[in-house]
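> The structure is given below, and queries will be raised subsequently.
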Amino acid sequence: MTSKVAIDLDFLRSWIGREQTLEDVVTLDLARKFHATLELPGPPPERGQPAAPLIHFCLAQPAVPTAELAEDGHPAKGGFLPPVPLPRRMWAGGDVTFHGPIVIGEAVRRVSRVVDLRSKSGRSGHLVFVTVEHRLESGSRLLVQERQDIVYRDAVTGETAPQPVADPAGVGQEHQDVAISPPLLFRYSALTFNSHRIHYDRDYAVGVEGYRDLVVHGPLQATLLCNLAARIKGKPATHFSFRAQSPVFADDILTLNASADGAEWRLWTCRPDGPVAMSATARWADDAE
Ligand SMILES: CC(C)(COP(=O)(O)OP(=O)(O)OC[C@H]1O[C@@H](n2cnc3c(N)ncnc32)[C@H](O)[C@@H]1OP(=O)(O)O)[C@@H](O)C(=O)NCCC(=O)NCCSC(=O)C[C@](C)(O)C(=O)O
């Protein structure tokens, strides 16, 4: 399927190399709200303890004035991120290496860099992938290295190709149901300072972006899976990668699944009888063969 939007790839690729550095403090307040929002087991965390895996998606997020947000609620493109002229943004996937604990109470710095931009033709239309690398540091300590894949998609048109019906995802060796509600999506948007309207503005999500309901955040699914992996193994993973394969929506039950695969665990989310929504792999460095 060919997009009707002209895309100047050379111009967009000139964003490669652009950097942004933002600072934050891992507050006890954030850690407690994160624990409550995700309904993590055990007592709320305390200052000086390691924070739960993937809390860093909430840290050092850009804070542009409200007037500088685009129609979709994200900061207008053309600043740190390239002005890709496709309107529908999604979080497509990522790869995270944990080098050391993020300690509640410590100051952190996130250094982000645009490292790639590619145009692809997918079953759902034209796609532009932007890859961003993040380094989370505290003083001279490297805490987390992350690759983030963002995808921009064509506007919804009557011509959008019908999607093939994917097979239902299987049930994992370990599984857990999570009720997805608008308040959960709202709380996660607030924790990550993400004003993307597909997660809280149903009229916009359905009427403008063409989804059937509010969309569940990719980073929220990744965080639920990564914390499940930590619970199963009794220790946080040192490496976690994930890919969002199909969207899931509010008012669904989201099942978190996990199965051992040698020294790794394969994880995935799905709604009842639905296809894989997100697939992921968790690894532990001291378990490598
Ligand atoms: C991404 C969609 C549109 C592509 O769907 P498609 O059917 O059009 O693509 P395809 O035909 O399967 O594949 C086309 C090409 O794209 C690649 N590709 C395909 N998928 C991926 C992926 N995930 N990551 C990396 N690459 C991917 C794929 O490998 C292939 O490359 P090739 O031509 O070189 O072989 C589709 O898979 C989809 O809808 N996935 C679910 C996305 C989702 O629900 N994300 C979370 C919610 S959005 C969100 O959290 C937002 C947030 C937090 O507010 C925020 O803005 O940051």
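Coordinate-derived values only; no laboratory data. No experiment lies behind these values; they were computed from the predicted model shown. Because the Cβ atoms are built from the backbone with ideal geometry, glycine has one as well, and the counts that use them run over all protein chains shown.
> As a test of the formula, what do you get for the chain when each DSSP H run with n ≥ 4 contributes -39,500 (n - 2.57) and the sum is divided by the residue count, at 222 nm and rounded to the nearest 500 deg cm²/dmol?
-4500 deg cm²/dmol
> Total Lys pairs in the chain closer than 26 Å by alpha-carbon, pairs eight or more apart in sequence or interchain only?
The number of close lysine pairs in the chain is 5.
> As a test of the definition: which semi-axes, in Å, follow for the chain when you take the square root of five times each eigenvalue of its alpha carbon gyration tensor? Largest first, please.
29, 24, 19
> Amide H to amide H, which residues 5 or more places from VAL108 or on other chains are under 5 Å from it, using H placed in the peptide plane?
Excluding prolines and chain starts, which carry no amide H, the hits are ASP24, VAL25, VAL26.
> Would you work out the relative contact order for the stretch 9-287, in percent, from Cα pairs under 8 angstrom that are 6 or more residues apart?
So the answer I get is 19 percent.
> For the stretch 181-227, which trypsin sites (Lys or Arg not before Pro) are both in a DSSP coil and crowded by at most 12 other Cβ atoms within 10 Å?
ARG212
> A further question on this structure: Placing unit charges on C-beta atoms (Lys and Arg positive, Asp and Glu negative, everything else neutral), compute the dipole magnitude of the chain about its Cα centre in debye, rounded to 20.
For this selection, approximately 300 debye.
> Separation of the stretch 218-265 and the stretch 44-117 by C-alpha centroid, Å?
19 Å
> Still on this structure, I have one more. Could you tell me the relative contact order of the stretch 142-274? Use alpha-carbon pairs under 8 Å, at least six residues apart, and round to a whole percent.
30 percent
> Something else now. Please give the per residue volume of the convex hull enclosing the alpha carbon atoms of the stretch 108-153, rounded to a whole number of Å³.
Given the Cα convex hull of the stretch 108-153, per-residue volume reads 62 Å³.
> Please turn the phi angles of the stretch 28-34 into ³J(HN,Hα) values with the Karplus equation 6.51 cos²θ - 1.76 cosθ + 1.60 (θ = phi - 60°), one per residue in order, whole Hz, x for glycine and proline.
Once θ is set to phi - 60°, the couplings for the stretch 28-34 become 4, 4, 4, 4, 5, 5, 5 Hz.
> Using just the alpha carbons, could you tell me how many Å³ per residue the convex hull of the stretch 201-289 encloses?
Hull volume over Cα atoms, normalised by residue count, gives 93 Å³.
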